[in-house]
Amino acid sequence: EKRTGFPDRLRLVKFDGSIKADSDVVHVPGNLFTIRTHEGPHLLLRDGSVPEGWEPWQIARVARASSAQPHDGLEISLKLTTNMTSKSHNGRKFVFIANIREINDNDTIVSDTIGLSSVF
C-alpha cells in the first residue's frame, strides 16, 4: 500500500550475507512467499515466480528451540528487510506470520501450525 510515496516492500536476504549486490536479495511481491524442502521449487513467490539460484539453506536456518525438549520446539530464522514503519502507517504495529506445514509423500498435511514474530 502506498502511503508515503514509497510502496510497502519486503525482501529476503541471503542468510549468511549482507546486501552488496542485487543478487543478495529477492523482492517479495505481495509480501508473501513459500519455502519448500520437499519436491518442486524451493522458493516460490506470490506472483508465481521462482528466483533462480535461491536454495532453502541460503534463506533460512532451522534448529531446535533452545528452551525446548526434543520434538517440542522449532526455531526458524530468516533475514528480511522492509520499509514498513509504524510512523508511515498511522502508528499501527506489525508482526510477521509464518504458517508451517509438514506434508507427507502423498502431499497430505500431517501437521499445521502458525508462528508469530515479535511486534515491530
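The values are calculated or read from the model by the stated rules, or taken from the named source; none is laboratory data. Source: prediction; values computed, not measured. As a convention, Cβ positions derive from the backbone with ideal geometry for all residues, glycine included, and neighbour counts pool all protein chains shown.
Count, please, the residues in the stretch 94-116 that happen to be touching a strand residue (DSSP E or B) at 6+ places or on another chain (Cβ under 7 Å) and farther than 21 Å from Ser77 by Cβ.
4
Name the pairs whose Cβ atoms lie under 6 Å apart, with the first residue in the stretch 50-78 and farther than 14 Å from Lys14 by Cα, the second modelled with pLDDT under 75 and surrounded by 13 or more Cβ atoms within 10 Å (Cβ to Cβ), and 6 or more positions between them or separate chains?
Val50/Pro41
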